[in-house]
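First up is the structure itself, then whatever we jot down about it.
Read-outs throughout are calculated quantities, based only on the coordinates presented, and are distinct from any laboratory measurement. Computed from a predicted model, the values in this text were never measured in an experiment. Don't worry about glycine lacking a Cβ; one is built from the backbone with ideal geometry, like all the others, and counts go over all protein chains shown.
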């Protein structure tokens, strides 16, 4: 009897939803797009992590919701994050998560996660352009604007 091995299929289909957008040139533009795609019924209740996927011209390929957690944190599996980035052939990313508390300052864990993702991105020649913290009223904190990236 022969052993069967499952075949893994990788696919990605671009949609025209973001094609009309200009290139992301500022943290405020990225924050507006991410906030628009955030689930407003949960942004003030539980933390979530998303990634804005970009092409070589910094135009939006898509927004991927990676995880939803609890009141004070969410788990980010870097392997899944990079599977999505590589599958979509993205060359730039903007990381984002929300703080249901409304606190804009990044935690030490937020800073460490950002550095870990940046180090991994170097191996795949992917640019981590920013990490945004978004609060329920739409305000945001940019790691890039504050010299943390």
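Points to keep in mind about this one:
- Cα-based helix-to-principal-axis angle, 78-87 vs the chain, degrees rounded to 10: 70 degrees
- The angle between the Cα long axis of helix 27-37 and the main principal axis of the chain comes to about 70°, on a 0 to 90 degree scale.
- Rounded to the nearest 0.05, the FRET efficiency derived from the C-beta distance between residue 45 and residue 89 at R0 = 35 Å is 0.55.
- Full-stretch length increase - residue 139, residue 67 - with 0.36 nm per residue and alpha-carbon distance subtracted: 23.9 nm
- Only helical runs count toward this figure. For the chain, summing -39,500 (n - 2.57) over DSSP H runs of n ≥ 4 and dividing by all residues gives -8000 deg cm²/dmol at 222 nm.
- The stretch between residue 37 and residue 5, if pulled fully straight at 0.36 nm per residue, gains 7.7 nm over its current Cα-Cα span.
- When both bridge partners sit in the chain, DSSP labels roughly 70% of those beta bridges antiparallel.
- Tilt relative to the chain, helix 108-123 - C-alpha long axis, 0 to 90 degrees, to 10: 40 degrees
- Added length on full extension, which subtracts the Cα-Cα distance from 0.36 nm per residue, residue 80 to residue 107: 7.5 nm
- A crude spin-label estimate for the pair residue 115 and residue 57, with each label 7 Å from Cα along the Cβ direction, gives 3.7 nm.
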